[in-house]
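Input: a single structure, listed below in structure tokens.
Bear in mind these aren't lab numbers, they're just calculated from the coordinates by the rules spelled out. As the structure is a prediction and not an experimental result, all values here were calculated from the model. Please note: Cβ atoms are built from the backbone with ideal geometry, for glycine as well, and neighbour counts cover all protein chains shown.
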Amino acid sequence: MAAFFSPFISKPDTVAQIMLRVMLALLPGIAMYVWYFGPAILVSIALASVTALATEAAMLKLRNRPVAPFLQDNSALLTGWLLALSIPPLAPWWLIVVGTAFAISISKHLYGGLGNNPFNPAMIGFAVLIVSFPAQMTHWLTPHGLGQVELGFLDQLRYTFLGSLPPGVTLDAITMATPLDTLKTRLHLDESVKQIFDMPIYGRLAGQGSEMVSLGFLAGGLYLIAARIITWHVPVAYLGALFATAGLFHLADPAHYVTPLFHWFSGAAMLGAFFILTDPVTGPTTNRGKLIFAAGAGLLTYLIRAFGGFPDGIAFATLLMNICVPLIVLYTQPKVFGKKMPAGKNGGAQ
Amino acid sequence: MRTLFKFHGGVHPPGNKTQSTQQPTATAPIPAKLIVPFRQHAGEAAKPVVQVGDHVLKGQLIGEPAGFISSAIHAPTSGTITAIDMQPVAHPSGLPELCATLIPDGRDEWVERKPTDYRAQPADELRHLLRMAGIVGLGGAVFPSDIKLRPLRDHPNKDIGTLILNGAECEPWITCDDMLMRERAAEIVQGAEMLRSMLGSREVLIGIEDNKPEAIAAMRLAVADSGLPFKVVAVPTIYPGGSAKQLIRVLTGLEVPSGKLPTDIGVQCFNVATVYSAWRAVAHGEPLVSRFVTVTGNVRQPRNYEALIGTPLTDLIALGEPLPDTDGYIMGGPMMGMPLPSTSVPLVKAGNCIIAGSKKLFPPPPPTLPCIRCTRCAQACPADLQPMDLYWFSQSKNFGQAQAFSLFDCIECGACSYVCPSHIPLVQYFRFSKSEIRMREQDKLAADRARERHEYREFRIEREKQEKAERLAAKEKAAAAAKPAEPPVVATNPDAAPENTAQMKIQAAIEHAKEQAAAIKPKNTENLPPELLAEIAEIEARRARIRETAKSDVEPPKE
């Protein structure tokens, strides 16, 4: 009995467990990633993890905060994992290191550390990388069976750390633009959606391979809802808004605007819906606020994908909506018990 | 099947109730010494009406109600009053209270008991009887029951349509109401009919959480036997489903408006133990001198006891045989109870449960981490509050904002603290903020009064100066005019006018300041129900006492 005041009992949940379960929920998607694109992603996840923990420890030390309890909260690890899953797996080692270090140090700790950052750290890391190193950020691995050459794990490692490819192999031979990116470029070349989708990189729902990764994230996300780690509000509002916007454009002009399902299963839509926009620290706290926040992000994602300069829009959609969070929360306060029923309806004597 | 309603939030802590319900309730032996505090209820302490050395009988009045919100105190057994002095009691403040020490004579001899037929008595007679029998809410708030049975102030002719008996007992570990319902169901039902007739209610609902099937069955049987049209309703087990407002919501679908009382929506709610005691008081003439109390937790013999009020908790705890690794005791439940500073304090009317604690049963919480705004607290809050925001405001002492976010609608159930993955003692922050706000409001009131006094003093000094000058001038004039012997005139009349205007101006300024002060005064503590006001008054009284003791401690010796 160490407590001096009630309650004397508490649920055994901890921040560390919550973060860990979110990371567990990422595993199906990661497994799909490995299956279709090879083990390179594991290397970037490992790199991101080490960088995240090192940066976290260094920043805690600099800020004179206790290192051990915060290192064990798993929040930095999760940031690293999400960033690693957002950028091309076959990338020079410094890309993920720079991104992760920036995410943890600048966008998390300079704002006060865990619980105090207004912007999603992983998405800040992504934004920094795509703005600073656009070339490296477009070298996505070709899924199994589609490339002219496939790199073995050791070759992938060699490229990541030494920057050298096996003789006779060019970067172009083993990488490609993402299905979203290809779509955008080809549409600019006045090809129709139907023509573009005949390309082998497209699968049943979206991109070959990447659609399966998205399905993996969807499965993990549903687990998060079932385990009550997140509520349904953000994923439903986000995917709903994305679907509705994409659907409207698709209905109006199917030759130039792809189906909403394609938008769901390409790029980071599923990752964003269940794992990124659901970050509690940077999202709104009210249920209605979550709906508005996520719907806004869905709309922005579509607008950036369809009309913006970047192939995918999750990162900027998230960051833009992060800015709106305080305002959204202020205007979506729920009614308190006893202030809910309109006067008279309560049959009261007042 | 009755349609039940839901309230927002709630948590499901482990019940831990079966331990103490394995054996029937036992009567605790009369201890060697009883300590009976004169304040065991919300409101003013009772006034002692016995002297040291008096021999008293069981049930004899030893403290009479002193004030509107107050109640009577009785001798729990026959014996001799050996002291009336300040003693430590179980109160969060840790401050002592005036108590009577009673050494029992072992005969347990009753004072003359006068059974009353409630049907033959007008309601105000019955209310007086309950007040003089010391009947207060035994669910924990110990609010005098007679006040809850008064006709509505604004609508004296409006009936309270629904009477609710609260047998929910949602706090983990506590089973005293459960056992009372199992063992004394018939008398609870009789008591309910009495209270129903006093209130004029058309409907009586008895809400019991569905984790107490035996109590539900016993009460249903008792209701059937009585032939009364009461409904025993099994309500879902969810904490804090036994909080009056939440139970009313579940049973009727109505929400008691913020800052209002259940009677404002035509509902009144009594704990089952209160109803039982009220029945004993009227039908048997027995004032409230004992109650059911659960002794459980880290003990070898968890059980319920019918114990005399004033029994030192040490005696009760000894009955349970605490295990050697016991490292503390909780009075009440683990969600809202208080740690006992010492076990020498007596059992009071509010004492429903004593839990022996150990490191294993109540492990220290993991270290607190920053809030990650996960909103589990908001999902758990039965008052639909946003605890993470209130925490933020409380932490930064931004009390205005905390009030704007309905801090005073917090019922301090602790559900938010219970679910917090960062293990932030949220409810403790809210208690702190509430008491800070109340204190500041008092301070502000005092400051306003002081300023008014100061302004008036300035005005008075100014006026006296003016008057003096006028008198001097008049004297001189009179001296100058002494020779022509004209009537000494005029001085007062024309001068009176400007003085009046000056006074009016100052009066207006004071009025203005008052208005401003009233406008600034936060709204949340206005129109509080008498329970809360009583609580505030109590806290203030304690605070004043602390201040005084502190003052007397540090006051320098006079030279």
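Taking the dipole about the Cα centre of chain A, with the C-beta of Lys and Arg at +1 and of Asp and Glu at -1, give me whichever of A:F8, A:L187, A:F310 is farthest to the positive side.
Final value for the positive-end residue is A:F8.
I'd like the FRET efficiency for B:T3 and B:E214, computed as 1/(1 + (r/R0)^6) with the beta carbon distance as r and R0 of 22 Å, rounded to 0.05.
Details: r = 25 Å, r/R0 = 1.14.
E(calc), rounded to 0.05, equals 0.30.
What list do you get for A:R228, B:R303, A:R65 if you sort them by fewest beta carbons within 10 Å?
Numbers: A:R228 9, B:R303 22, A:R65 13.
Fewest-to-most Cβ neighbours within 10 Å comes out as A:R228, A:R65, B:R303.
Once you sort the root eigenvalues of the Cα gyration tensor of the range A:146-233 as a ≥ b ≥ c, which label holds: rounded (a/c under 1.5), prolate (a/b larger than b/c) or oblate (the other case)?
Details: a/c = 2.83, a/b = 1.26, b/c = 2.24.
It is oblate, given that a/c is not under 1.5 and a/b is not larger than b/c.
I'd like the mean, over residues of B:362-369, of how many other protein chain beta carbons sit within 10 Å of each residue's own Cβ. Could you put the intermediate results ahead of the total?
Working: counts 7, 7, 4, 7, 7, 5, 1, 10.
Across the residues of B:362-369, the mean count of other-chain Cβ atoms within 10 Å is 6.
Using r as the Cβ-Cβ distance of A:K340 and A:V34, and R0 as 51 Å, what FRET efficiency do you calculate, to the nearest 0.05? Present the calculation step by step, with values, prior to reporting the outcome.
Numbers: r = 50 Å, r/R0 = 0.98.
About 0.55, to the nearest 0.05.
Which angle from 0 to 90°, rounded to the nearest 10, does the C-alpha axis of helix A:210-226 make with the longest principal axis of chain A?
On a 0 to 90 degree scale, this one is about 10.
Sort A:197-203, A:77-83, B:31-37 by the packing proxy (mean of other Cβ within 10 Å over each peptide's residues), most packed first. Show your work: numbers first, answer last.
Values: A:197-203: 15.6, A:77-83: 27.0, B:31-37: 22.0.
Highest mean packing first, the order is A:77-83, B:31-37, A:197-203.
So which residue, out of A:P88, A:P280, A:P167, gets the largest mean-square fluctuation from a GNM of chain A using Cα contacts under 10 Å as springs?
Among A:P88, A:P280, A:P167, the largest mean-square fluctuation in the Gaussian network model of chain A belongs to A:P167.
I'd like to compare B:38-51, A:131-144: which one has the highest average count of other Cβ atoms within 10 Å, and what's the full order after that? Please report the intermediate quantities before stating the final value.
Values: B:38-51: 20.7, A:131-144: 16.9.
So the peptides B:38-51, A:131-144, ranked by packing, come out B:38-51, A:131-144.
For the pair B:R451/A:D253, report the inter-label distance in nm, with labels modelled 7 Å from Cα in the Cβ direction.
6.6 nm
With everything on Cα atoms, drop me the angle between helix B:492-520 and the longest principal axis of chain B, reported from 0 to 90° to the nearest 10.
Roughly 30 degrees, rounded to the nearest 10.
Hey, any idea what Rg/Rh is for the range A:14-176, computing Rh the Kirkwood way over Cα pairs?
Rg/Rh for the range A:14-176 comes to 1.01.
Tell me whether the range A:177-331 comes out rounded, prolate or oblate; compute the Cα gyration tensor, take square roots of the eigenvalues as a ≥ b ≥ c, and use a/c under 1.5 as the rounded threshold. The partial results should precede the final answer.
Numbers: a/c = 2.33, a/b = 1.64, b/c = 1.43.
Prolate is the answer for the range A:177-331, as a/c is 1.5 or above and a/b outweighs b/c.
In debye, nearest 20: dipole of chain B around its Cα centre with unit charges on the Cβ of K, R (+) and D, E (-)? Mind showing how you got there, number by number?
Values: 64 positive and 65 negative charges, 143 e Å.
Here chain B has a charge dipole of around 680 debye.
Averaged over peptide B:413-423, how many Cβ atoms belonging to another chain are found within 10 Å of each residue's Cβ?
Values: counts 2, 6, 1, 1, 8, 7, 3, 5, 12, 7, 5.
That average works out to 5.
Mind checking the dipole of the range A:14-176: about its Cα centre, +1 per Lys or Arg Cβ, -1 per Asp or Glu Cβ, Debye to the nearest 20? Please report the intermediate quantities before stating the final value.
On the way: 6 positive and 5 negative charges, 105 e Å.
About 500 debye.
Given the pairs A:K339/B:K47; B:K17/B:K434; B:K444/B:K505; B:K260/B:K514; A:K61/B:K359; B:K434/B:K514, which span a C-alpha to C-alpha distance of over 28 angstrom in this model? Each step should come with its number before you reach the end.
On the way: A:K339/B:K47 40 Å; B:K17/B:K434 32 Å; B:K444/B:K505 24 Å; B:K260/B:K514 26 Å; A:K61/B:K359 32 Å; B:K434/B:K514 24 Å.
Distance filter (> 28 Å) returns A:K339/B:K47; B:K17/B:K434; A:K61/B:K359.
Which of the cysteines found in the protein assembly as shown have nothing to pair with, since no other Cys Cβ lies under 4.7 Å from theirs?
Taking the Cβ cut-off of 4.7 Å, the unpaired cysteines of the protein assembly as shown are A:C324, B:C99, B:C170, B:C176, B:C269, B:C353, B:C371, B:C374, B:C381, B:C410, B:C413, B:C420.
From the alpha carbon gyration tensor of the protein assembly as shown, can you work out the equivalent ellipsoid semi-axes (sqrt of 5 times each eigenvalue) and give them in Å, largest to smallest?
Listed largest to smallest, the semi-axes of the protein assembly as shown are 64, 41, 27 Å.
With a/c under 1.5 counting as rounded, go ahead and sort chain A into rounded, prolate or oblate using the C-alpha gyration tensor (a ≥ b ≥ c being the square roots of the eigenvalues; past the cut-off, prolate if a/b is larger than b/c, else oblate). Walk me through the intermediate numbers first.
On the way: a/c = 2.20, a/b = 1.30, b/c = 1.70.
Cα axes put chain A in the oblate bin.
Give the average, rounded to an integer, of partner chain Cβ atoms located within 10 angstrom of each Cβ in B:170-178. Intermediate results must be reported in sequence, preceding the final value.
Details: counts 0, 2, 3, 1, 0, 0, 0, 0, 0.
Across B:170-178, the average partner-chain Cβ count within 10 Å equals 1.
With N denoting the number of residues in chain B, provide Rg(C-alpha) divided by 2.2 N^0.38 Å, to two decimal places.
On the way: Rg = 28.9 Å, N = 559, 2.2 N^0.38 = 24.3 Å.
Relative to the rule-of-thumb radius for its length, chain B sits at 1.19.
Sort the following peptides by mean Cβ neighbour count (other Cβ atoms within 10 Å, averaged over residues), highest first: A:22-32, B:405-415. Please report the intermediate quantities before stating the final value.
Working: A:22-32: 20.1, B:405-415: 22.7.
Highest mean packing first, the order is B:405-415, A:22-32.
Quick one: what do you get for the range A:1-65 if you divide its Cα Rg by 2.2 N^0.38 Å? Show your work: numbers first, answer last.
On the way: Rg = 18.1 Å, N = 65, 2.2 N^0.38 = 10.7 Å.
Its radius of gyration relative to the 2.2 N^0.38 Å reference: 1.68.
Taking the Cβ of each residue in B:C416, B:C374, A:C324, B:C381 as the centre, tally the other Cβ atoms inside 10 Å and list the residues starting with the fewest. Write out the running numbers ahead of the final one.
Working: B:C416 32, B:C374 24, A:C324 15, B:C381 29.
The order, fewest Cβ neighbours first, is A:C324, B:C374, B:C381, B:C416.
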